[in-house]
Amino acid sequence: MECRSIAALHEKYGPVVRIAPSEIDISDGAAINPLYVKNGGFQKSSTYQHFDFDGYPTIFSTRNPAQRAPRVKAVAPMFATREIVKGRPVVQDIIGGMVFELQRRSAEAPGRPLDVLNLFRALFTDITTSYLFGESLNGLGKQRLTVTTFVNNLFAGVRFFYLPSWLYDHVVRLASIFDKERMRVATSRVIVDNFITRIITKSLAEKETEAQTYQGRLLRAGIPQEEIKSQLLDVLFAGTEAPAMALAKLCWHLAILPAK
């Protein structure tokens, strides 16, 4: 509803719309560079604190450029095109597993709709963890029914993004009480937490061989171990939700417009 309402305002008033006394929404792509890139970008809104994990600001949520810079510098090489190309065989294997799973589900229920969004979240969970962390969370495997529930629950909180900080926590807590999936969410979070704790412990024990992983780079940069867990949760969500949603939308458009 929020997206539709703001889109309607842009349709009526143009690319810049005031949506609150001290807040505007811009729908012009030309604003990306000055807002997010040039000179480090503008300072983020306090609402980004909603996406802190366990009390730690993450690369995504921190509002302090000086705090963000050393963390970004530590992991940035992993996102260089040359490094990503090196990880291509691993990614291709995971995609092959996803295609097999898609075919299996389709064969089990011919002619019925498939939940490709959840499947693609599992896909990108495995890609993100395999490439960045050096080990797959196995979202496409036996734990597929529980692993992606963690991501689903985090994304559900986005609908409250614009709420002020003093209200956000109360609303999220209230929503969780009425969430029919709360037991599965709790199970999913335990699985993810245990996985992340284990790979951080492994990186601490095997510093030489683990130096090129996301967690290994943060450890080498001197980032506290307790914070690294939050940074890994952050990048897991970031690397899963956006591409999964984009791929699901692409499939939806192909399904309703097969001629194209």
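The values are calculated or read from the model by the stated rules, or taken from the named source; none is laboratory data. Given the structure is predicted, the values throughout are model-derived calculations rather than measurements. Cβ: placed from backbone, ideal geometry, glycine included. Neighbour counts: every protein chain shown.
List of remarks:
- Residue in region 139-188 that is farthest from the chain's Cα centre (by Cα), counting only those that are assigned to a loop (DSSP other than H, G, I, E, B) and closer than 16 Å to ASP52 by Cα: PRO164
- Selection status of ARG63, part of a loop (DSSP other than H, G, I, E, B) and either aromatic (Phe, Trp, Tyr) or over 17 Å from the mean Cα position of the chain (by Cα) (or both): yes
- If you go through region 6-38 and keep only what is within 24 Å of the chain's Cα centre (by Cα) and farther than 30 Å from ALA69 by Cβ, you end up with ILE6, ALA7.
- Residue among ILE177, ILE191 that is in the same structural domain as LEU137 (by TED's automatic domain parsing), surrounded by 14 or more Cβ atoms within 10 Å (Cβ to Cβ) and of a type in the set (A, V, I, L, M): ILE191
- Checked against the criteria, ASP25 counts as among the acidic types (Asp, Glu), surrounded by 13 or more Cβ atoms within 10 Å (Cβ to Cβ) and not assigned by TED's automatic domain parsing to the domain that holds ALA156.
- In summary, PHE79 fulfils each of the numbered conditions (1) exposed (fewer than 15 other Cβ atoms within 10 Å of the Cβ); (2) under 19 Å from the mean Cα position of the chain (by Cα); (3) touching a residue at least 12 places away in the same chain (Cβ under 8 Å); (4) closer than 30 Å to PHE42 by Cα with the single exception of condition (3).
Table: residues versus (1) out of contact with any Pro (no Cβ under 8 Å at 6 or more places or on another chain); (2) touching a residue at least 24 places away in the same chain (Cβ under 8 Å).
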{"residue": "GLY134", "(1), (2)": "yes, yes"}
{"residue": "VAL147", "(1), (2)": "yes, yes"}
{"residue": "ASN152", "(1), (2)": "yes, yes"}
{"residue": "ALA156", "(1), (2)": "yes, no"}
{"residue": "TRP166", "(1), (2)": "yes, no"}
{"residue": "ALA221", "(1), (2)": "no, yes"}
{"residue": "ILE228", "(1), (2)": "yes, yes"}
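- Qualifying residue in region 95-106 (condition: of a type in the set (Ser, Thr, Tyr) and modelled with pLDDT under 90): yes
- Restricting the first member to region 42-68 and to residues that are under 17 Å from ASP193 (Cα atoms) and assigned by TED's automatic domain parsing to the domain that holds GLN231, and the second to residues that are buried (at least 16 other Cβ atoms within 10 Å of the Cβ) and of a type in the set (Phe, Trp, Tyr), the beta-carbon pairs closer than 8 Å and six or more apart or on different chains are PHE51/PHE60; THR58/PHE51.
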